[in-house]
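The values are calculated or read from the model by the stated rules, or taken from the named source; none is laboratory data. What you are looking at is a predicted structure, and each value in this text was computed from that prediction instead of being measured. Positions of Cβ are backbone-derived with ideal geometry, glycine not excepted, and every protein chain shown enters the neighbour counts. Side chains included, ligands, DNA and RNA excluded: accessible areas come from the protein's heavy atoms. Shrake-Rupley method; radii C 1.70, N 1.55, O 1.52, S 1.80 Å.
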Amino acid sequence: MAAGGREIMLQLEDVSLSYPSRRKSFDHGAHHVLDRVSLQVFEGETLGIIGRNGVGKSTTLRLMAGILAPTSGTVWQRPGKSASLLTIGLGFRPDLSGRDNATLAAMLQGATARQARGFLEEIKEFSELGDSFEEPVKTYSSGMLARLGFTTALKTHVDILLIDEVLSVGDALFREKAEAAMKSRISGDQTVVFVSHMEGQVREVCDRAICLYEGAVLAEGDPAAVLDAYREIR
Amino acid sequence: MTFLQYFRLVDTIARMDLRADAARKGLGYIWWVLEPLLFVLVFYVVFELIMQSGRGDFLGFLMCGKLTFIWFSKSVNQASNSIAANKGLIGRINVTKTLFPLAVIQEGLYRQAAVFLLLLGFLWVRGYPPGLAWFYLVPIMLVNYLMIVACSFVGACLVCVVRDFSMFIALAMTFLMFVSGVFWDARTLGDARTAELVLAFNPLAFIIDAYRQVLLHAAAPDWIHLAQIAVGSALLLLVMVLIMRRSSQFLALRALS
């Protein structure tokens, strides 16, 4: 499959996702998160997904990463290509140290134990955690968690990078450093899908953008135009 | 992920959790053997000192039953909650859901190795010296392990889909403790027919009895019965692995919602 000379890496076609809920306010006990969403991700591009909280942005990334399956519709990924979701703040095991959590995250992404150990000093240094790297993450502040999460995520090498709000937290100094590292990562041939609340980031790093509204695609195309549409519903 | 990578990951998670658990407690790794011994002590006080079981060497008999039962009950109980408990990781990574119960089981395996050493040492001191019969323990332990993995996978799926199952599973473990001959001998039940039925239809009662036959009487287990339990557990395990592979994304949705 190709469009505009670029190969499609990932495609969602008429994808809907709902799950049963006990809350009666939902439709017959079902909570509809996405409703017939269709979109494509092309090789080498950075696609931004923007929308209000709870609109289905993270769910879209989870569908792309193969973590969830759609209730209806299809998710197609180019054969032989890997997609990985990078998020922070979730997934840490609180009783384990920063070092153990970083090792585990790397191994879960497919690294061997030796490769994972090879990343650790780099992660410790970039995250600026110092001796806290050896302490259980339950003792970390939210800023420290963000630093560990971002740095661990940065070390992952995959064909399609799915990034969920990784640049939205942490202290200002670290955010600046993280933004620079992330920009250098996505400026090359890397295919990236990028979820963010921050308009500035989307305008700056994305080639194309999509705005989700009430579980469906409201606008798609040039980031500036999509951000205009987002501002109207915000 | 290759099988070797998968197993290394299981083992890494298990060892990290053991280390973290030991660091949380003042007595650290001592709890590996102290906790089961305290259970044995409670049962000994109740059934020997208060109720006076009248059985010769009740302590050795009880340790064989309780220390092997705890391996099963604790592993299945904790592994059953493992998928639901790891929803943070499940929301980030598309990973086979067997990973989580298996890591818990692996953790239990390390603890149980220490408990088995303690049990064998204790029995030796009490006049049950090591012999060739102890080699019979290997197939019994393997079948016991298969049972634990198969039952844990069933439990982990049930709890992931409907959280309330964790209550039923905890209750089922208490029920199993009472009906599996942990503190009574299935072979000396008043009604021979009942004894036969308990050993025939409760695999856990058979396994506990098999441990006792080897350790206290140097007798081989009923190999045919053991093989039947092994085949049954292996089939259940195979079915569960297939179900968990096919419904990996469904389980993720249930864990996350």
Options A:GLY51, A:GLY44: the member that is touching a helix residue (DSSP H, G or I) at 6+ places or on another chain (Cβ under 6 Å), more than 12 Å from chain B (Cβ to nearest Cβ) and open to solvent by less than 50 Å² (accessible area, probe 1.4 Å): A:GLY51
Residue list for region A:186-202, restricted to those being part of a helix (DSSP H, G or I) and either of a type in the set (Gly, Ala, Ser) or surrounded by fewer than 15 Cβ atoms within 10 Å (Cβ to Cβ) (or both): A:GLY200
Could we say that A:PHE119 is of a type in the set (Phe, Trp, Tyr) and open to solvent by 50 Å² or more (accessible area, probe 1.4 Å) here? yes
Qualifying residues in region A:129-140 (those that are more than 13 Å from every other protein chain (Cβ to nearest Cβ) and of a type outside the set (S, T, N, Q)) - the one nearest to B:ARG15 (Cα to Cα): A:PHE133
Is it the case that region A:209-220 has a residue that's in a loop (DSSP other than H, G, I, E, B) and not polar (S, T, N, Q)? yes
Only one of B:VAL33, B:VAL40, B:VAL10, B:VAL76 is aliphatic (A, V, I, L, M) and free of Cβ contacts under 8 Å to residues at least 40 places away in the same chain; which? B:VAL40
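Conditions (1) under 21 Å from the mean Cα position of the chain (by Cα); (2) away from chain B (no Cβ under 14 Å), marked per residue:
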{"site": "A:MET107", "(1), (2)": "yes, no"}
{"site": "A:ARG114", "(1), (2)": "no, no"}
{"site": "A:LEU120", "(1), (2)": "no, no"}
{"site": "A:ILE123", "(1), (2)": "yes, yes"}
{"site": "A:SER127", "(1), (2)": "yes, yes"}
Reported set for region B:66-97 where residues are over 17 Å from the mean Cα position of the chain (by Cα) and open to solvent by less than 30 Å² (accessible area, probe 1.4 Å) is B:ILE83, B:ALA84, B:ASN86, B:GLY88, B:LEU89, B:ILE90, B:GLY91, B:ARG92, B:ILE93, B:VAL95, B:LYS97
Scanning for something on the phi > 0 side of the Ramachandran plot and not in a helix (DSSP H, G or I), does region B:44-55 turn up at least one residue? yes
Restricting attention to region A:54-66, which residues are farther than 20 Å from A:LEU154 by Cβ, within 13 Å of chain B (Cβ to nearest Cβ) and either assigned to a strand (DSSP E or B) or aliphatic (A, V, I, L, M) (or both)? A:LEU63
With the condition kept exactly as written, say whether any residue in region A:224-234 is crowded, with 19+ Cβ neighbours inside 10 Å, in the same structural domain as A:SER18 (by TED's automatic domain parsing) and not in a helix (DSSP H, G or I). no
Give me the pairs, please: first residue somewhere in region A:147-159 and polar (S, T, N, Q) and at pLDDT below 75, second residue anywhere and assigned to a loop (DSSP other than H, G, I, E, B) and surrounded by fewer than 24 Cβ atoms within 10 Å (Cβ to Cβ), beta-carbon distance under 6 Å, and either six or more positions apart or on two chains. A:THR156/A:GLN109
Looking only at region B:1-31, how many residues end up being part of a helix (DSSP H, G or I), touching a Phe, Trp or Tyr at 6+ places or on another chain (Cβ under 8 Å) and open to solvent by 30 Å² or more (accessible area, probe 1.4 Å)? 1
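To keep it simple, each residue is scored yes or no on (1) of a type in the set (Lys, Arg); (2) within 14 Å of chain A (Cβ to nearest Cβ).
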residue	(1), (2)
B:ILE70	no, no
B:SER75	no, no
B:ALA85	no, yes
B:ARG92	yes, yes
B:VAL104	no, yes
B:ALA114	no, no
B:LEU119	no, no
Taking the condition outside any loop (DSSP other than H, G, I, E, B), farther than 17 Å from A:HIS31 by Cβ and within 8 Å of chain B (Cβ to nearest Cβ), does A:THR74 pass? no
Lone qualifier among A:LEU173, A:LEU154 - being under 30 Å from A:LEU96 (Cβ atoms), under 14 Å from the mean Cα position of the chain (by Cα) and hydrophobic (A, V, I, L, M, F, W, C): A:LEU154
Considering residues of region B:181-220 that are in a loop (DSSP other than H, G, I, E, B) and more than 14 Å from B:GLY60 (Cβ to Cβ) only, the residue modelled with the lowest pLDDT: B:GLY190
Tally the residues that are hydrophobic (A, V, I, L, M, F, W, C) and part of a loop (DSSP other than H, G, I, E, B), restricting the search to region B:165-180. 0
Do we find a residue being within 17 Å of A:ILE50 (Cβ to Cβ), assigned by TED's automatic domain parsing to the domain that holds A:SER16, open to solvent by 40 Å² or more (accessible area, probe 1.4 Å) and of a type in the set (Ser, Thr, Tyr) anywhere in region A:205-218? yes
Six or more apart or on different chains, Cβ under 7 Å: which pairs go from a residue in region B:231-257 that's farther than 15 Å from B:MET147 by Cβ to one that's at pLDDT 95 or above and of a type in the set (Phe, Trp, Tyr)? Could you list them? B:MET244/B:PHE153
